[in-house]
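Everything on this sheet refers to the single structure shown next.
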């Protein structure tokens with residue numbers, strides 16, 4: 001796959017660290033390697049495990065900004081935010097790589113809602129910060145073509161917990177449960193979820 005022209009921007013990786021231990025680092029390493037190779041032509045190996053030293057006795061968000069080389073590393077205390085209400089927005093946005101420039105995603109946010117659910121070509125994709133899943137017909141299903149293939153999504157697909165499917169607006173009506181997932185949140189079922197279509 002050829003990388004989009006946005007490779008003029010740095011990419012970034014977000015990793016959860018608990019008491020100094022990087023969580024699911026192999027999945028982050030795989031995405032880091034793939035992005036460096038496809039977007040920046042890198043063939044050398046940079047080990048994230050060797051590079052990063054998160055603080056002990058703290059749950060933090062490790063942010064690694066990079067191109068062909070690592071540009072900046074931050075260790076930020078992780079404070080979960082409340083997410084319950086979502087506004088559905090339609091967009092043809094492309095975000096196959098985790099770019100540091102997120103202006104196009106930020107521009108889609110709707111005031112008065114905790115987050116958005118992006119619909120592309122009639123199919124559910126992601127929220128602004130997470131992959132999504134719905135529980136219906138006795139199984140957890142996640143969009144086959146998300147905006148960004150997150151590491152938690154991939155891990156749960158590999159484990160057999162998640163199935164992939166083309167999910168539509170009708171899926172939201174049929175679902176029994178709704179969940180979001182990313183490296184920091186993990187897999188979180190949203191209780192009493194409120195989902196509204198954006199008004200024109």
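Give the residue, chosen from 88, 83, 117, that is touching a residue at least 60 places away in the same chain (Cβ under 8 Å), on the phi < 0 side of the Ramachandran plot, crowded, with 17+ Cβ neighbours inside 10 Å and more than 16 Å from the chain's Cα centre (by Cα). First the steps, then the outcome.
Working: 83 fails: more than 16 Å from the chain's Cα centre (by Cα); 117 fails: more than 16 Å from the chain's Cα centre (by Cα).
Criteria check complete, one pass: 88.
Let's see how each residue does on (1) touching a strand residue (DSSP E or B) at 6+ places or on another chain (Cβ under 6 Å); (2) assigned to a strand (DSSP E or B); (3) surrounded by 14 or more Cβ atoms within 10 Å (Cβ to Cβ):
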| position | (1), (2), (3) |
| --- | --- |
| 152 | yes, no, yes |
| 155 | no, no, yes |
| 163 | yes, yes, yes |
| 170 | no, no, no |
| 180 | yes, yes, yes |
| 184 | yes, no, yes |
| 195 | yes, yes, yes |
| 199 | no, no, no |
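Within region 33-44, can you find the residues that are in contact with a helix residue (DSSP H, G or I) (Cβ under 6 Å, 6 or more places away or on another chain) and under 13 Å from residue 10 (Cα atoms)? It would help to see each step written out before you state the result.
We begin by selecting, within region 33-44, every residue in contact with a helix residue (DSSP H, G or I) (Cβ under 6 Å, 6 or more places away or on another chain); these are 39, 42.
Across region 33-44, the qualifying residue is only 39.
What is the residue count in region 120-133 for residues that are in a strand (DSSP E or B) and closer than 24 Å to residue 14 by Cα?
First pass over region 120-133, keeping only residues in a strand (DSSP E or B): 120, 123-124, 126, 131-133.
Still in the list and also closer than 24 Å to residue 14 by Cα: 124, 126, 131-133.
Qualifying residue count, region 120-133: 5.
Yes or no, residue by residue, for (1) in a loop (DSSP other than H, G, I, E, B); (2) more than 16 Å from residue 99 (Cβ to Cβ); (3) modelled with pLDDT of 95 or more:
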| site | (1), (2), (3) |
| --- | --- |
| 6 | no, no, no |
| 33 | no, yes, yes |
| 53 | yes, yes, yes |
| 56 | yes, yes, no |
| 71 | no, no, yes |
| 76 | no, yes, yes |
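Hey, does region 127-146 have a residue that's in contact (Cβ under 8 Å) with a residue 60 or more places away in the chain, over 24 Å from residue 18 (Cβ atoms) and surrounded by 18 or more Cβ atoms within 10 Å (Cβ to Cβ)? Break it down into steps so the answer makes sense when it comes.
So the first thing to find is which residues in region 127-146 are in contact (Cβ under 8 Å) with a residue 60 or more places away in the chain, and the list is none.
No, every residue in region 127-146 fails to be in contact (Cβ under 8 Å) with a residue 60 or more places away in the chain, over 24 Å from residue 18 (Cβ atoms) and surrounded by 18 or more Cβ atoms within 10 Å (Cβ to Cβ).
Of everything in region 52-65, what is farther than 24 Å from residue 179 by Cα, over 17 Å from the mean Cα position of the chain (by Cα) and surrounded by 11 or more Cβ atoms within 10 Å (Cβ to Cβ)? Give them in sequence order.
The answer is 52, 53, 54, 55, 58.
Looking at (1) in contact with a strand residue (DSSP E or B) (Cβ under 9 Å, 6 or more places away or on another chain); (2) over 20 Å from residue 182 (Cβ atoms); (3) loosely packed, with under 15 Cβ neighbours inside 10 Å; (4) not assigned by TED's automatic domain parsing to the domain that holds residue 177, which is the one condition that is false for residue 46?
Result: residue 46 passes all but (3).
How about region 78-115: which of its residues are under 19 Å from residue 14 (Cβ atoms), in contact with a strand residue (DSSP E or B) (Cβ under 7 Å, 6 or more places away or on another chain) and not in a loop (DSSP other than H, G, I, E, B)?
The answer is 99, 115.
The values are calculated or read from the model by the stated rules, or taken from the named source; none is laboratory data. These numbers were taken from a predicted model, which means no experiment stands behind them. We place every Cβ from the backbone using ideal geometry, glycine too, and count neighbours over all the protein chains shown.
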